[in-house]
Amino acid sequence: QEKNIVGKKSLVIEDGKAEVPKYVIKDFPFFNYNQYKAIHIPVEENTMITAGAGTGKTHVMIDRIMFLLTKDVRLEDIIMITFTNKSTDEMKRRFKDKLVRLFRLTGLLKFSKYAESIKDMNISTIHSFSKLLLKSQAHELGYGKNISIRNFVQERKIIIKKLIDDFYQKNSNNTNINSLEHYKLVKVIEYIWDEIDKKGLSTEQVKNNLDWGHVFDKSQSNFNELFEFVFKFCIEELDQLKKEHNSFTTDDLIRKINEFSSNKNSIKQLNKNKYLFLDEFQDSDNTQINLVASLANYLEYKLFIVGDVKQSIYRFRGADYRSFDLLVEKVR
């Protein structure tokens with residue numbers, strides 16, 4: 001709708017439905033109509049934006065939040081996910097700067113209050129967000145509330161060595177396995193383990209569903225049996241050790257969040273009707289895509305997804321360049 005102010009019409013935007021008059025484009029050459037449409041999409045809609053570098057994605061995300069605030073959405077109901085701590089700090093700084101400028105320009109106290117609340121706003125990396133979700137449901141996973149993140153690499157190595165020795169004793173006549181140096185075998189297993197962690201496989205999948213492939217040379221089959229033995233019992237011992245210390249690793253975040261988001265009953269215990277912003281979505285892996293889809297499907301999260309497929313930099317750790325398409329398929 002429009003109003004006459006000082007002899008000229010001023011535009012009042014309502015959910016992106018208003019036509020933009022020609023005088024706006026004429027008098028404001030830097031007005032970006034595509035950004036305007038993205039910012040003012042109706043509150044209840046999910047939004048996915050793919051755009052290249054330098055097109056103002058961060059600006060659009062911040063102004064979209066400002067628009068939600070005008071629709072009585074609470075700041076505490078808005079969640080913003082970035083992929084690095086640096087990006088998180090930058091987003092908080094830019095959002096706060098905008099609010100401070102608006103307060104100085106308008107004198108409206110609400111902008112000052114919003115600026116003060118930025119420090120408590122849920123702007124974090126995907127791993128920090130996942131940890132927060134898991135903490136809230138720690139009892140469902142067999143952990144206490146004060147979960148900590150720690151490195152269990154050394155403990156894992158000790159368990160692997162012990163299990164290899166156990167397997168050696170049961171297969172002492174197999175010269176093929178005995179011919180490989182112990183430390184090399186440990187390194188191979190640790191490497192495979194790290195690759196499995198990147199995929200976010202659950203404990204059950206690691207124990208029972210790993211396919212070690214077909215061995216044409218039967219003399220090599222004992223290696224497959226060794227891997228199956230070590231992985232099955234090592235992950236059981238590690239899980240027990242982690243529960244005793246009320247801790248898990250960064251890689252466990254991926255595995256646990258995969259289990260959690262796949263369980264409809266668990267995820268439904270979280271608060272509903274949040275507004276989830278995700279930056280650099282092209283760098284999301286399958287576990288993160290499944291989590292976002294579950295939040296939208298089961299908890300009615302409204303999504304605002306931003307990214308650029310051409311800039312995908314995390315493909316080496318399992319990110320899927322089809323992340324946008326996969327999310328569209330999964331969100332009902």
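General remarks:
- Residue check, Leu270 of a type in the set (A, V, I, L, M), open to solvent by 10 Å² or more (accessible area, probe 1.4 Å) and within 16 Å of Ser136 (Cβ to Cβ): yes
- Subset of segment 182-212 that is open to solvent by 70 Å² or more (accessible area, probe 1.4 Å) and of a type in the set (Phe, Trp, Tyr) - its residue that is modelled with the lowest pLDDT: Tyr183
- Residue list for segment 231-263, filter: basic (Lys, Arg) and open to solvent by less than 70 Å² (accessible area, probe 1.4 Å): Lys242, Arg255, Lys256
- Hits in segment 58-79 - residues which are touching a residue at least 60 places away in the same chain (Cβ under 8 Å) and closer than 23 Å to Leu108 by Cβ: Val60, Met61, Arg64, Ile65, Leu68, Val73, Asp77, Ile78
- Looking across segment 23-36 at every residue that is exposed (fewer than 15 other Cβ atoms within 10 Å of the Cβ) and outside any loop (DSSP other than H, G, I, E, B), the one that is nearest to the chain's Cα centre (by Cα) is identified as Asn34.
- Annotation: of all residues in segment 133-165 being of a type outside the set (Val, Ile, Thr), in contact (Cβ under 8 Å) with a residue 40 or more places away in the chain and closer than 13 Å to Glu237 by Cβ, the one that is surrounded by the fewest Cβ atoms within 10 Å (Cβ to Cβ) is Glu155.
- All positions within segment 50-100 that are assigned to a loop (DSSP other than H, G, I, E, B), open to solvent by less than 40 Å² (accessible area, probe 1.4 Å) and in contact with a helix residue (DSSP H, G or I) (Cβ under 7 Å, 6 or more places away or on another chain): Ala51, Gly52, Gly56, Phe83
The values are calculated or read from the model by the stated rules, or taken from the named source; none is laboratory data. Remember, predicted model here, so these are calculated numbers, not experimental data. Using ideal geometry, Cβ is built from the backbone for each residue, glycine included, and neighbour counts are taken over all protein chains shown. Protein only, heavy atoms only, side chains kept; ligands, DNA and RNA dropped before computing areas. Shrake-Rupley method; radii C 1.70, N 1.55, O 1.52, S 1.80 Å.
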